[in-house]
2 protein chains.
Amino acid sequence: MNQIKVIFEPEGKEVYCLPGSTILELAQRAGIGINSPCGGEGRCGKCLVRIIQGERGKINSREKELISTDKLKEGYRLACQRKIYQEMVIEIPETSRFFNPKILVKGITREVLPKLNLKKIYCDNLSPSIDEPTALLETIEQKLKERIPLKRVKANIYLLRQIHDKLRRFSFKATFVLYNEELISIEKGDTTKKNYGIAFDLGTTTVVGSLINLTNIKELDVASRTNPQVTFGADVISRINFTLKKEAGLKILHERIIDCLNEIILELTRKRGISPEHIYEVTIVGNTTMQHLFLNSSPESLATSPYVPTTKREVTVAAKKLNLHINDDAVVYVSPNIAGFVGGDAIGTILATNQHQERELRLLVDIGTNGEIVLGNRKRLVAASAAAGPAFEGGQIKCGMRAMSGAIDRVYIDDDISYNVIGNVEPVGICGTGLIELTAALLKVGIIGKNGRLKSRDELKGSPSFSLLNRIRERPKGNEFILEEKKEISITQADIRQIQLAKAAFCAGIKVLMKELSVREEEIEEVLLAGAFGSFINVRSALAVGLLPFSFKIPIRFIGNSALVGSKMILISEDARREAEGISQFCGYVELFRDSEFQELFIDSLPFP
Amino acid sequence: MNQIKVIFEPEGKEVYCLPGSTILELAQRAGIGINSPCGGEGRCGKCLVRIIQGERGKINSREKELISTDKLKEGYRLACQRKIYQEMVIEIPETSRFFNPKILVKGITREVLPKLNLKKIYCDNLSPSIDEPTALLETIEQKLKERIPLKRVKANIYLLRQIHDKLRRFSFKATFVLYNEELISIEKGDTTKKNYGIAFDLGTTTVVGSLINLTNIKELDVASRTNPQVTFGADVISRINFTLKKEAGLKILHERIIDCLNEIILELTRKRGISPEHIYEVTIVGNTTMQHLFLNSSPESLATSPYVPTTKREVTVAAKKLNLHINDDAVVYVSPNIAGFVGGDAIGTILATNQHQERELRLLVDIGTNGEIVLGNRKRLVAASAAAGPAFEGGQIKCGMRAMSGAIDRVYIDDDISYNVIGNVEPVGICGTGLIELTAALLKVGIIGKNGRLKSRDELKGSPSFSLLNRIRERPKGNEFILEEKKEISITQADIRQIQLAKAAFCAGIKVLMKELSVREEEIEEVLLAGAFGSFINVRSALAVGLLPFSFKIPIRFIGNSALVGSKMILISEDARREAEGISQFCGYVELFRDSEFQELFIDSLPFP
């Protein structure tokens, strides 16, 4: 089945989707946030887009109600109502974009009022007067005070040393960058419009960075990389072990993650024609181990009882001390964490979903290599780590890969099997969603048993079709199911075991938290599935493989990479930082390793439903 | 004339003095501060010392009144009353020592209550509990809170990285060093008693450091060095020029002064068996140029109109950023300044003499290479720089040297000339006091004329004795007077010109300040002569050469290196720092270069009185 090409304007971004996707979903996937406070139900009318080319389709009753006749004539439609069945060019107006100043986690909108610590101010006429000689720093302070409320400008020794030389070279006109009252940069001419920040989500397997223009709080671009630390261990435990067993192991892992961030910084700034010098703030959310490695701080205490981090608190550090290639004195804010294995990414997700302030009892599941589960509401919130392993992000899976061009992301089974490849190219591997769909499909046709065994042809005795049976190969280490012969793309017995282990960890973890809060299944009002992977998963397949220990009754919502949304929130709002710091204190933690019932529940959860 | 040996106990310090010195004066000179709030007038009884060996002398009426009979029998006397005429061993009891917590500037005692930002606290039992797992930094914080009032411990990234490793290696017992709420060091075992600081006076020619035990606020030792920057220029202007004209000139001068401080640190710590790691605070007072060079901050703005510093304010910086070989995160506090040419040393002197808070109108003259003059009282205070050059510290004088072993410091003239050498060794050169006495003597006998000319034998025609005339040598570049033939120690015409220039700068500067405050000579209640050199100068000689533009009527007091006393005050007291910062704002400044009358007054002041 071919994907349909859609172009989003004015950026000219080209994306592909399957027939029947809504414009809202596709834009989200393309990294373009569209307002939809009603959750895509066609009630708020905030997701207005204009169809420039392609069939505009029949206007439905909600559009009629919410869009003016003039606008309808011009081609405006609701992004949440309009499904895509053919090639289109769609304009997304500024007014419909989120993050301005609203932040949206698919369907959940939190009002985030930007509140930056950062200010850029251009001053001229800075040469000290002969009649009233004033020291250079104090002259700068006087000029700044004319513009902003300010008690006293502080300058670290490196900046202090530059003041004289820069003022002279810049003819006593310069732009000053202040972080609170701390001078962090002195720049030639008026650069006040060049003011950027990057919000990072540091995943065990995937690292994502979002470039934000801090002058108007707009997201300019998103870039991601596989975490280069994966070659030293797929999960956090193996990375910690690497730092303990290998000489300079910590240094190696630290340098790799810094290199990775620098690559993302380079990509984002090059693409947008921005000087890295004009990036003054960076926020980091990641699991606690990733944050330790990022800071070059030993994670050893996380590996030995009682598994505590060096600190639960936020850490603020100048970019130059971490060798990040942005402005030397840019402020790097590393999120607080909740516990040794529930980190800043979980805080980011809670922040983005507002779980800590809602009356509604929700279960939040962040599906990642080091996944987290958070259960509760504004009364009580408790979290646990589900060490699901990298299966869902394509790690440790024979043909696994991230959801990018060449990845099989959809699988259709009937008499034979067919699939969809992202980008309509030759397939290269299978991403998480493809893996779940394939597993669900093979379970349905009985090729995989409930116990997870990939059966041999003999065992099946012709019950699935010949074409399907023909794809089974028997190998010394367990059977294998061939998806694409030519490209040698298959799923192995070992892959299925990985999926079982991962989903059992989530299921058992969820049950422990429910017990901790004395919550029954029917009391949970909604399940939020977070993680980049969670955006595109098929609910039916997910439940079919038993990713959640529930029946089909609880509403499940996919909220995408909400950790990154949390990272953006703390980037643009000082208040969000205080809130994150509050969540770190408020949210409880259950150590699953130490929970007597967890192991038992884990084993119970290994079979497929 | 031979000097008398005196040993001070319990340190066993051996010093030499001329007959007739008081014990108080000699102790001061030996770097042992003795309380004397009455100014050495025998009224307070605070300077009690015990004469262990040597003649105790006749008890005078003041001693009878102030010392108990028992103590008199044991050999206790008043240090200010007792003069030394023969070898002695003298014990100075703890109770008589100043800086505990009083600070004394010869005869002026200011009560300084120690108020340290620094705390060292030993904690054990730091391993995180399994029942209530707490992050490492927060565990430390909890333990510290049991001991001291504390809101929240902060740790920079370098300290944070050490926490886990150190706690583990130190078996979860350690001493924590806090500067305010900032953790600056984590040490093995209980090192709470090992807590030191160094107060520096950064002179253009001489650098002095005083090692203070911060646990009991006692001065342990003092060490000094010639500022190694002298080879790049004798005065501040030539040093600034060096930074401007020579590539990497600033770097060179900066590194030299840092090397010099490191040498002093090494000497002080070695002598006292202290680890440099246990030095956590350093204070710096110096003229504004010295402070810029120390901070590696370009002094160029000081050299061009309107001659302003980079900042007038205090600068606080971690030792590692300046490459000082003490504890990495030791706090270096660089004093605020008053203007481009009146620096932290002047603030130190004002602070030590309390000039800014007294009702009495005083003139403060700090005699150094870059000397300062401060006139006023608590109503109004105004300062100027007198670029006297290094003559008084022995710089740019043919046989000049600092007042140390081998220096001729006293000169006696009659039919012939005789002199005293510090340490009773072979003479090596002449120090500042010797130079003044020699000049005064030669003026008196007419060998030097009022215009400063060192006359030829022919001109003098036998009016002084033959022996004196015989010491005059005629040279192409002006005459020379030989003090010591064998060792080639002499004073040259050029030396006398240096003295003239220096004293003219002081005299003209003083007159300009008097004009600025509309003060007549008779309104000045006291003159305070500061500077290491000022301690031992002979008043009569000083006035004879015209170092001050006054008659003999105004009381003149020598107060020694009061800049260093100020540096000690800001080392031990947070309140003194606030006071120093206040003086920086309160004290006015007169730019002599720009004063129309200064040049004229300067020329008027060149002749000797």
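When segment A:312-347 is limited to residues that are of a type in the set (Gly, Ala, Ser) and within 11 Å of chain B (Cβ to nearest Cβ), the one that is surrounded by the fewest Cβ atoms within 10 Å (Cβ to Cβ) turns out to be A:Ala318.
Being over 21 Å from A:Thr349 (Cβ atoms) and out of contact with any helix residue (DSSP H, G or I) (no Cβ under 9 Å at 6 or more places or on another chain) holds for only one residue in A:Lys193, A:Lys218, and it is A:Lys193.
Considering the conditions (1) of a type in the set (Asp, Glu); (2) within 22 Å of A:Cys507 (Cα to Cα); (3) assigned to a loop (DSSP other than H, G, I, E, B), A:Asp329 is excluded by exactly one of them, (2). For segment A:341-372, filtered to residues that are free of Cβ contacts under 8 Å to residues at least 60 places away in the same chain and in a loop (DSSP other than H, G, I, E, B), the residue that is nearest to A:Ser385 (Cα to Cα) is A:Gly343. Among the residues making up segment B:565-601, those that are within 18 Å of B:Val342 (Cβ to Cβ) and either outside any helix (DSSP H, G or I) or more than 26 Å from the chain's Cα centre (by Cα) (or both) are B:Cys587, B:Gly588, B:Tyr589, B:Val590, B:Glu591, B:Phe593, B:Arg594, B:Asp595, B:Phe598.
Yes or no: segment A:349-358 includes at least one residue that is in contact with an Asp or Glu (Cβ under 6 Å, 6 or more places away or on another chain) and closer than 30 Å to A:Arg270 by Cα. Yes, some residue in segment A:349-358 is in contact with an Asp or Glu (Cβ under 6 Å, 6 or more places away or on another chain) and closer than 30 Å to A:Arg270 by Cα. When segment B:109-153 is filtered for residues that are touching a Leu at 6+ places or on another chain (Cβ under 7 Å), among the charged types (D, E, K, R) and within 30 Å of B:Met569 (Cβ to Cβ), only B:Lys119 remains. Looking across segment A:467-494, the residues that are assigned to a helix (DSSP H, G or I), out of contact with any Leu (no Cβ under 7 Å at 6 or more places or on another chain) and of a type outside the set (Ser, Thr, Tyr) come down to A:Leu468, A:Ala494. Just one of the numbered conditions (1) surrounded by 20 or more Cβ atoms within 10 Å (Cβ to Cβ); (2) assigned to a helix (DSSP H, G or I) is not true of B:Pro464: (2). Restricting segment B:138-172 to residues that are under 17 Å from B:Asp190 (Cα atoms) and touching a Ser or Thr at 6+ places or on another chain (Cβ under 6 Å), the residue that is nearest to the other protein chains (Cβ to nearest Cβ) is B:Ile163. With respect to the conditions (1) buried (at least 21 other Cβ atoms within 10 Å of the Cβ); (2) of a type outside the set (Ser, Thr, Tyr); (3) free of Cβ contacts under 8 Å to residues at least 12 places away in the same chain, A:Ile284 lacks only one, and its number is (3). Quick one: in segment A:483-497, of everything that is aliphatic (A, V, I, L, M) and closer than 12 Å to A:Ile430 by Cα, which residue is surrounded by the most Cβ atoms within 10 Å (Cβ to Cβ)? Filtering segment A:483-497 for residues that are aliphatic (A, V, I, L, M) and closer than 12 Å to A:Ile430 by Cα, the one surrounded by the most Cβ atoms within 10 Å (Cβ to Cβ) comes out as A:Ile491.
Do we have any residue at all in segment B:227-240 that's in contact with a strand residue (DSSP E or B) (Cβ under 7 Å, 6 or more places away or on another chain) and not small (Gly, Ala, Ser)? Yes: segment B:227-240 contains one or more residues that are in contact with a strand residue (DSSP E or B) (Cβ under 7 Å, 6 or more places away or on another chain) and not small (Gly, Ala, Ser).
Residues are listed down the side, and each one gets a yes or a no for (1) modelled with pLDDT under 85; (2) in a loop (DSSP other than H, G, I, E, B):
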site: A:Phe8; (1), (2): no, no
site: A:Leu26; (1), (2): yes, no
site: A:Ser36; (1), (2): yes, yes
site: A:Gly40; (1), (2): yes, yes
site: A:Lys64; (1), (2): no, no
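Of the residues making up segment A:121-130, one or more are touching a strand residue (DSSP E or B) at 6+ places or on another chain (Cβ under 6 Å), at pLDDT 85 or above and on the phi < 0 side of the Ramachandran plot.
Checking each residue in segment B:432-461 for being among the charged types (D, E, K, R) and either surrounded by fewer than 13 Cβ atoms within 10 Å (Cβ to Cβ) or without any contact (Cβ under 8 Å) to a residue 60 or more places away in the chain (or both) picks out B:Lys450, B:Arg453, B:Lys455, B:Arg457, B:Asp458, B:Glu459, B:Lys461.
Pick from B:Arg152, B:Arg169, B:Arg161: which is at pLDDT 90 or above and more than 40 Å from the chain's Cα centre (by Cα)?
Answer to the check: B:Arg169.
In segment B:273-311, the residue that is farthest from the other protein chains (Cβ to nearest Cβ) out of those that are acidic (Asp, Glu) and under 23 Å from B:Asn213 (Cα atoms) is B:Glu277.
Within segment A:373-415, the set of residues being at pLDDT 85 or above and touching a Lys or Arg at 6+ places or on another chain (Cβ under 9 Å) comprises A:Val374, A:Leu375, A:Gly376, A:Asn377, A:Arg378, A:Lys379, A:Cys399, A:Ile413.
Within segment A:120-133, being crowded, with 16+ Cβ neighbours inside 10 Å and either in contact (Cβ under 8 Å) with a residue 60 or more places away in the chain or facing chain B (nearest Cβ under 7 Å) (or both) holds for A:Lys120, A:Ile121, A:Tyr122, A:Pro128, A:Pro133. Look through segment B:294-311, keep the residues that are part of a loop (DSSP other than H, G, I, E, B) and of a type in the set (Gly, Ala, Ser), and return whichever of them is surrounded by the fewest Cβ atoms within 10 Å (Cβ to Cβ). Out of the qualifying residues, it is B:Ser305. Within segment A:559-609, restricting attention to residues that are polar (S, T, N, Q) and within 20 Å of B:Glu132 (Cα to Cα), the residue that is farthest from the other protein chains (Cβ to nearest Cβ) is A:Ser596. Can you tell me which residue is surrounded by the most Cβ atoms within 10 Å (Cβ to Cβ) among those in segment B:221-256 that are in contact with a Phe, Trp or Tyr (Cβ under 8 Å, 6 or more places away or on another chain) and either under 26 Å from B:Lys320 (Cβ atoms) or in the same structural domain as B:Met569 (by TED's automatic domain parsing) (or both)? Ranking the qualifying residues of segment B:221-256, first place goes to B:Leu253. Of all the listed residues (A:Glu522, A:Glu474), the sole one being in the same structural domain as A:Ile554 (by TED's automatic domain parsing) and either more than 18 Å from A:Phe608 (Cβ to Cβ) or surrounded by fewer than 14 Cβ atoms within 10 Å (Cβ to Cβ) (or both) is A:Glu522. Would you mind stating whether A:Ile252 is in contact with a Lys or Arg (Cβ under 9 Å, 6 or more places away or on another chain), away from chain B (no Cβ under 14 Å) and among the β-branched types (Val, Ile, Thr)? Criteria met by A:Ile252.
The values are calculated or read from the model by the stated rules, or taken from the named source; none is laboratory data. Here the structure is a predicted model, which means the values were calculated and not measured. Cβ coordinates were reconstructed from backbone atoms using ideal geometry, including for glycine residues, and neighbour counts include every protein chain displayed.
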